[in-house]
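Written out below as structure tokens is the structure these notes cover.
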Amino acid sequence: MTSFQFDASVMLETLPLLMEGARLTLWVTLLGCFFGFLFGVAAGVSRSLDSPWARRLAGIYIELIRGTPLMVQVMFLYFGLPLILGLRFPPLTAGVVAIALNSGAYIAEVARGAIAEVAKGQMEAARCIGLTQAQALRFVIWPQAFRAMIPPLGNQFVISLKDTSLLVVIGVGELTRSGQEVIAVNFRAFEVWLTVALLYLCLTLGISLSLRFLEKKYKLVQ
Amino acid sequence: MIQIKEISKSFGGKKVLDQVTMRLDQGEVVVVIGPSGSGKSTLLRCINALEQPEEGEVWLCGQNMATADLNHIRSIAGMVFQQFNLFPHMSVLDNLTLGPKIVQGMPLKEAKDLARALLHKVGLADQSSAFPHQLSGGQQQRVAIARALAMKPKVMLFDEPTSALDPELIGEVLAVMRQLAEEGMTMVVVTHEMGFARSVANRVVFMDQGKIKAQGPTERFFNAPSHPRLQNFLSKVLNH
């Protein structure tokens, strides 16, 4: 039916170019998730505080991000915001910010859940020896909640890594973009997208395995 | 030392404490007994402001708990919980040093010396590097007592400290509490252990339906129970 001939050598030839993209994908993911983790923990802790203002503010952030598509957030950050601010971030910066804000909202819910999971008795016991709420969170609740967060955190990192492929719309030269560029030259869509998919798979497996290692290392016997 | 003036507290429309008044002098050991749901635990939790009463006042060491700096005053009253509530991610020693280190700013070495001395006192000198999950319930509760003592409290509050323990482990916890009482610690103990109440308490308080129904010096309390509801309660808990 077609005269298509699979050519494995194309995969090898394009690999170095695609690896460049994969490297950028990994960087955007790591940076985005690092800041996303900070945003997420800040918002998640705020959701667990006594202060109603902290809770409300974090709630607005979480709902805003979770209720809109990442694609729209990316376009808004890159094309929309500059019209008001009068300056445009480079695509890479906009991409990292988008991934950070987006993963932060989901990580916030993970953090809130993990904090809630640490029994109420722990907070009371900490307050009874005179710790303030902040000290109790830092020394007693957080070390336990962090352990509970590791598995869902790994999940979110994998999702964020795959989400970086959307940054293609603002021209970040990550893995998907590299794939498009290679195909524009050699027209070998089958081999190139297959290689791109395999590279994504390697990256997500890498994340899953490292998080599983962390989980084992910090396992807490109750 | 502790003055409770007509406090009331409700949860979801149900009155758990109804105009309760009580006072406690230095060195006194008071045991609070009563059926479950009678408000004993809530009364105890009002003393160190884990619960805030809706009406009335609680005074601890001359300070009104409604206006006092809670972070400071809470460590005056050490609390021991039914479920121990040790910090599972810390060794026994770290459980004991956390408060002195963070709250009182004690140097680490001093905090560790204090912790070791307290572990020795509760008979667990050899367990300082163990983690809570490696200990029996009785040992965990003794660590919890030592952790509270590390803050050098003026009062110790015990909320059913032996209710979650296997029967053969209750004795070791009660022995530590008895020793504390003999050393002159002011104590409020919510418990179902009538033997302990009889031999250690200076005074026993009987609560029912959010009110103090009867109280008195231990001897008289058990030998000549005044209130019919108390007679009924005692006949149930003493004869089984």
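The values are calculated or read from the model by the stated rules, or taken from the named source; none is laboratory data. These figures come from a predicted structure and were not determined experimentally. Cβ placement follows ideal geometry from the backbone for every residue including glycine, while neighbour counts extend to all protein chains displayed. What goes into the accessible areas is simple: the full protein's heavy atoms, side chains included, and nothing from ligands, DNA or RNA. Shrake-Rupley method; radii C 1.70, N 1.55, O 1.52, S 1.80 Å.
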Percent of C-alpha pairs per 10 Å bin, the protein assembly as shown, short to long: 4, 17, 21, 18, 13, 11, 8, 5, 2, 1, 0
Under DSSP loop assignment and at most 14 Cβ neighbours within 10 Å, longest chymotrypsin sites (Phe, Trp or Tyr not before Pro)-free interval of chain A: A:7-186
Options B:L230, A:L211, B:L149, ranked by Cα towards positive dipole end of the protein assembly as shown, top entry (Cβ charges): B:L230
Rounded accessible area per residue of the stretch B:1-157, 1.4 Å, Å²: 39
Surface per residue (accessible, 1.4 Å probe) for the stretch A:102-222, Å²: 46
Helix A:142-163 vs. chain A, principal-axis angle (Cα, 0 to 90°, nearest 10): 20
Along principal axes, Cα extents of the stretch B:11-57, largest first, whole Å: 36, 24, 18
Candidate lysines - alpha carbon under 27 Å from B:K5, same-chain residues fewer than 8 apart omitted: B:K14, B:K15, B:K40, B:K152, B:K154, B:K211, B:K213
Calculated FRET value between B:F11 and B:Q134, using beta carbons and R₀ = 56 Å, to 0.05: 0.95
Compactness of the stretch A:56-171 - radius of gyration and Dmax, Cα, Å: 18.0, 55
Delta accessible area of at least 50 Å² on complex formation, residues of the stretch A:122-137, 1.4 Å probe, chain isolated as reference: A:Q122, A:E124, A:A125, A:R127, A:C128, A:I129, A:G130
Cα-centred dipole magnitude for the protein assembly as shown, charges only on beta-carbon of K, R (+1) and D, E (-1), debye, nearest 20: 620
FRET efficiency estimate (nearest 0.05) - Cβ-Cβ, B:R116 to A:W53, R0 41 angstrom: 0.40
Separation between Cα centres of the stretch B:200-233 and the stretch A:99-178, rounded to whole Å: 51
Radius of gyration and Dmax over the Cα atoms of chain A, both given in Å: 21.1, 78
Chain A: relative contact order as a whole-number percent, Cα under 8 Å and 6+ apart: 31
Accessible area of chain B belonging to carbon and sulfur atoms, whole % at 1.4 Å probe: 48
For the stretch B:66-203: rounded, prolate or oblate by the Cα gyration tensor [a/c cutoff 1.5]: oblate
Cα centre as origin, Lys/Arg/Asp/Glu Cβ charges: chain A dipole, Debye: 840
Sulfur and carbon atoms: percent of accessible area, chain A [1.4 Å]: 69
DSSP loop GluC sites (Glu not before Pro) with at most 16 other Cβ within 10 Å excluded, longest remaining stretch of chain B: B:55-182
Acute angle (nearest 10 degrees) that the helix A:8-48 long axis makes with the longest principal axis of chain A, alpha-carbon atoms: 20
Between helix A:175-186 and chain A: long-axis angle, C-alpha atoms, 0 to 90°, nearest 10: 0
Computed label-point distance, nm, for sites B:Q63 and A:T132 using a 7 Å Cα→Cβ extension: 1.5
Rh (Kirkwood; distinct C-alpha pairs) - the stretch A:106-213, Å: 16.8
Percent of Cα-Cα distances greater than 24 Å, calculated over the stretch A:1-126: 48
Percent antiparallel among DSSP beta bridges (both partners in the protein assembly as shown, rounded to 5): 55
Theoretical FRET efficiency, 1/(1+(r/R0)^6), r = Cβ-Cβ of A:I60 and B:A224, R0 51 Å, to 0.05: 0.20
Translational diffusion of chain B, µm² s⁻¹ [Kirkwood Rh, Cα pairs; Stokes-Einstein; 20 °C; 1.002 mPa s]: 116
In the A-B interface, the accessible area buried, summed over both sides, Å² (probe 1.4 Å): 1900
Net charge dipole size for the stretch B:104-240 [Lys, Arg +1 and Asp, Glu -1 on Cβ; Debye, nearest 20]: 440
Karplus 3J(HN,Hα) series, Hz, for the stretch B:15-31 with 6.51 cos²θ - 1.76 cosθ + 1.60 (x for Gly, Pro): 7, 9, 10, 10, 6, 8, 10, 7, 9, 9, 9, 4, x, 7, 10, 10, 9
